[in-house]
Every structure is written in structure tokens, then in C-alpha cells.
Amino acid sequence: MNDETRELHELVERRHIWDCMLRYARGMDRLDVELALSAYHPGAIEDHGPMIAPCEQFVPNVIAFHRETELATQHTLANHTCEIDGDTAHAETYVHCLSVLPSGKNRIGYGRFVDRLEKRDGRWGIVSRVSLPTGTIEADAVNVHAGATYLPGTLVRSSRDRDDPSYLRPLPLTRD
């Protein structure tokens, strides 16, 4: 494999790893256990501080927490580094989680995910994750519409499940 081909291959692998991270964040925000679990390989271990568990236990529990205690969440992934060594990768990803609380407050938790991923049967997935919190900010919420984030007159409304517009195929463009 020449240098250009090797570089192109690494870019494609990095893109697949980034997509894996995004599936996790989207799954958390849409309260979609199946989607969030698709970021892991079976049996992956999640160390999220107070809970250290296999992904099959962690994901449903944290999604239940989001559903029961928050009106909405928005996980944002930022700085991302990734070292790939064959079918193993080590990644560090900065994360912010905005939570809209029933109390009328917003909470922003921020920190980093440190992951070991493996490529199995052509698919990248997390096999070990450590969540490293940095801090939390709580503030009064501004312009919160009881968890339904939409603009008056829009065609569809946001929801925290598979009824959300991000799942619609095709996305409707008219009121018809």
C-alpha cells in the first residue's frame, strides 16, 4: 500500500469511528437504546463514574434517567483525537451535555470520553469507555417550550423518540 492509499484508508477509518461516536450521542438524545448500543460491541464496559457496567446495562439505565428526569438533552461532541493501530483505536472526545430540567433550569455537564474501539466484522465499535467529567453548570432556562423544541408554523416537531424528524425518510418539504 503506497502512502497516498494508506492515508486515504486511515481517513475512511477515522470517519467510521467518528460516525460511531455520533450514533452514541444521537441515541442518547433521541432516547433510542438500539441506536446508542450500535456504538458499542457486545459486552463493552462503560465506566461512567457512579456506574461501571456492560453497555447492555448502562445504556438502558442512562436513557431511562434522561427520560425520567429531563425534558430534553443535547449531547455535543467536540475535540476528537484518534490513534488507529490496525483493528484497534484509542480515541479521546470532548463532550457537552445540555439538559433541560423540569425545574426550569438548564444543566450543562462537560468532560471527555476516552475510548478503546475495535473493528470487528468490518464495523468499528467501543469496547471500553471511561467518562471523565470536568464540571457542571446550572442556570435558569431561557426560551424553553416544555421540551418541544420547534418554531411555530414548522411542519414537524422535535421528539425524543423515533417520531423525531431526523428519522423521517424522506423528510417532508411541503404541508401536503
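Modelled label-to-label distance, residue 8 and residue 68, 7 Å Cα→beta-carbon offset: nm?
Output for this residue pair reads 5.1 nm.
Using only the Cα atoms of segment 40-87, what do you get for the radius of gyration and for Dmax, in Å?
13.8, 41
Which one of 79, 61, 106 has the biggest mean-square fluctuation once the chain is modelled by GNM with Cα springs under 10 Å?
Fluctuation is largest for 79.
Run through all the Cα pairs of segment 3-158 and give the fraction in each 10 Å bin from 0, expressed as whole percent.
In order of increasing distance, the bins hold 10, 37, 31, 16, 5, 0 percent.
Using just the alpha carbons, could you tell me how many Å³ per residue the convex hull of segment 58-113 encloses?
82 Å³
Just to confirm the number: angle between the C-alpha axis of helix 3-29 and the first principal axis of the chain, 0 to 90 degrees, nearest 10?
On a 0 to 90 degree scale, this one is about 30.
Extending each Cα 7 Å along its Cβ direction at residue 103 and residue 90, get the distance between those two points in nm, one decimal.
Going from the residue 103 label point to the residue 90 one covers 3.9 nm.
Mind checking the angle between helix 55-69 and the chain's longest principal axis? C-alpha axes, 0 to 90 degrees, to the nearest 10.
20 degrees
Determine the gain in length on full extension of the stretch residue 19-residue 138; use 0.36 nm per residue of separation and subtract their C-alpha separation, reporting nm with one decimal.
39.9 nm
Please report the relative contact order for the chain, taking Cα pairs under 8 Å with a sequence separation of at least 6, and give it as a percent rounded to a whole number.
18 percent
Taken together, the values in this text are just the output of simple stated rules run on the coordinates, not laboratory data. Bear in mind the structure is a predicted one, so any value in this text is a computation, not a measurement. Cβ coordinates were reconstructed from backbone atoms using ideal geometry, including for glycine residues, and neighbour counts include every protein chain displayed.
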